[in-house]
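First the structure, in the form of structure tokens, and then the observations on it.
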Amino acid sequence: MEHQTALEHPIFKTIQQSAKKLDVQAFVIGGYVRDFLLQRGNAKDIDIVCVGSGIALAKEVAARLPGKQEVKFFKNFGTAMLHHQGIELEFVGARKESYDRNSRKPIVEDGSLEDDQNRRDFTINAMAFSLNPDSFGKLIDPFNGMHDLEQKTIRTPLAPGITYSDDPLRMMRAIRFATQLDFTIEKDSLQAITDHNHRIKIISKERIVDEVHKILASKKPSKGFALLYKTGLLPMIFPELDALRGIDEIDGQTHKDNFWHTLEVVDNIAQTTDNLWLRWAALLHDIGKAPTKRFDKKNGWTFHAHEFVGSKMVYKLFKRLKMPLNDKMKFVQKMVLMSSRPVILSEDHVTDSAVRRLVFDAGDFVEDLMTLCEADITTKNPKKQRRYLKNFKEVRRKIVEVEERDRIRNFQPPVSGEEIMKTFDLKPSREIGIIKEAIKEAILAGEIPNEYAAAKDFMLRQGIKIGLTPVSQ
Ligand code: ATP
Ligand code: MG
């Protein structure tokens, strides 16, 4: 089969001419081929393999492109990278790989195209299009990846036991592709991943997290987490989530399985936001429930302060997985910490002051918090579901209303500490803090509007109340 339409971009002609000049065979391979055949839209990274030096080919291509080209070389890997019109081109010489047991770094030798296809992770990732003049656009598919694409199957070119044990990152990649593409991992592969799951320990945390990001960014992330569970990888990567699994029963009382509930929440939020960190928040919103779970006769099952405990666990989890401990982490912590606030609020009559407090505490993230809470509705009772959604809608409406009137978001005290000091002729002291806090509380409670004149008047009365005397002006 010829696939010239895949190679319409002029860059492929340039590569062809360069390969011809150097008298080497060149092919497009891997993700670009797969995504073209799946019609997933043209990939932004293109992998070129040539039977010869990838570095020399990259140099030749760069010389033929207009303008000055910056080529990055990775001599140790024998690869070269260049950027052209928003496309990232990676060049590599065809190679044969053999593995040492204790690392995922293979011993590499020059090889044929076939050797190079053998070292690929999945049949759907081993397909290549020829860039050679006599066969331009020809699909070279030794493992019938085409069939697996049609059958939506993840399969390894070689024996799965060897493939996954050699490079355990492939376990994560298998699960990630299954989730991203909505494919099924073929049964021997699934078994091999399960058998070799402990090998994941030789993979760096960063690589694992990269794959988790891609799972979370998928349309239905639950598929990936269910596979992590099924293959036994879950407790090795996310013991906190694994601990949420299961239903206990005491005196005929049960609680929900918080692992499967969490996955539903993640799928729900994937429908309403692409914000990766909000998706992380959904994944972690209940992790405090395992360590806080208690039963007593009076209250049944409780998870007292699980939001607080959970937000502390977010830090530890990010740290363990070597994720950045930056504002993204703080955002996830904040979401987890506040995850029940709108729920409590919507259960009662929604008062303005409760909404003001919510906006004050959540600041700019109040909409994200509402999105999380809406995703958290997983009841199968349609009546309840409608009621909860309606209540949250009411909270959202009140947020807008209160916002317009009181501007609580990013609250700035309408009367400054300096003015309080001047008014009562005070040095910096506790009293100033007390008065400021009283003003803030009065605004949040709705006793006074968030305005200067009202706050000034309130400040005077407060000061007098605690025994201060205003200096006459
Ligand atoms: P995407 O870029 O969408 O994540 P991709 O298939 O292009 O998907 P890359 O990580 O860019 O994935 O890798 C490019 C190609 O290199 C893959 O298609 C595959 O053929 C090969 N490859 C990548 N990682 C491995 C691995 N760990 N083991 C074997 N082959 C791999
Ligand atoms: Mg790629």
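The values are calculated or read from the model by the stated rules, or taken from the named source; none is laboratory data. Treat the numbers as computed from the prediction; the structure is a model and nothing was measured. Positions of Cβ are backbone-derived with ideal geometry, glycine not excepted, and every protein chain shown enters the neighbour counts. Accessible surface areas use protein heavy atoms only, side chains included; no ligands, DNA or RNA. Shrake-Rupley method; radii C 1.70, N 1.55, O 1.52, S 1.80 Å.
For the reader, a short list of remarks on this structure follows.
- The residue that is most open to solvent (accessible area, probe 1.4 Å), among those in the stretch 243-257 that are at pLDDT 95 or above and touching a Phe, Trp or Tyr at 6+ places or on another chain (Cβ under 7 Å), is Arg245.
- Taking the stretch 8-62 as the range and being open to solvent by less than 10 Å² (accessible area, probe 1.4 Å), assigned to a helix (DSSP H, G or I), farther than 14 Å from His84 by Cα and more than 16 Å from ligand 2 (Cβ to nearest atom) as the test, the residues that pass are Ser18, Ala19, Leu57.
- Of the residues in the stretch 151-168, at least one is surrounded by fewer than 21 Cβ atoms within 10 Å (Cβ to Cβ), under 30 Å from Thr14 (Cβ atoms) and either acidic (Asp, Glu) or within 14 Å of ligand 1 (Cβ to nearest atom) (or both).
- Candidates Pro106, Pro133 - the one that is assigned by TED's automatic domain parsing to the domain that holds Arg34 and either within 15 Å of Gln191 (Cα to Cα) or touching a strand residue (DSSP E or B) at 6+ places or on another chain (Cβ under 8 Å) (or both): Pro106
- If you go through the stretch 306-348 and pick out every residue that is more than 22 Å from Phe392 (Cα to Cα) and part of a loop (DSSP other than H, G, I, E, B), you end up with 6.
- Screening Lys138, Lys223, Lys219 for residues that are touching a Ser or Thr at 6+ places or on another chain (Cβ under 6 Å) and open to solvent by 60 Å² or more (accessible area, probe 1.4 Å) leaves exactly one candidate, Lys138.
- When Phe91 is tested against (1) modelled with pLDDT of 95 or more; (2) part of a helix (DSSP H, G or I); (3) not charged (D, E, K, R), just one condition goes unmet, and that condition is (2).
- Filtered residues of the stretch 69-82 (kept if exposed (fewer than 14 other Cβ atoms within 10 Å of the Cβ) and assigned to a strand (DSSP E or B)): Lys72, Phe74
- For the stretch 258-270, the condition of being open to solvent by 20 Å² or more (accessible area, probe 1.4 Å) and more than 20 Å from Gln180 (Cβ to Cβ) holds for at least one residue.
- Breaking point among (1) free of Cβ contacts under 8 Å to residues at least 60 places away in the same chain; (2) open to solvent by 50 Å² or more (accessible area, probe 1.4 Å); (3) out of contact with any Phe, Trp or Tyr (no Cβ under 7 Å at 6 or more places or on another chain), for Asn102: (1)
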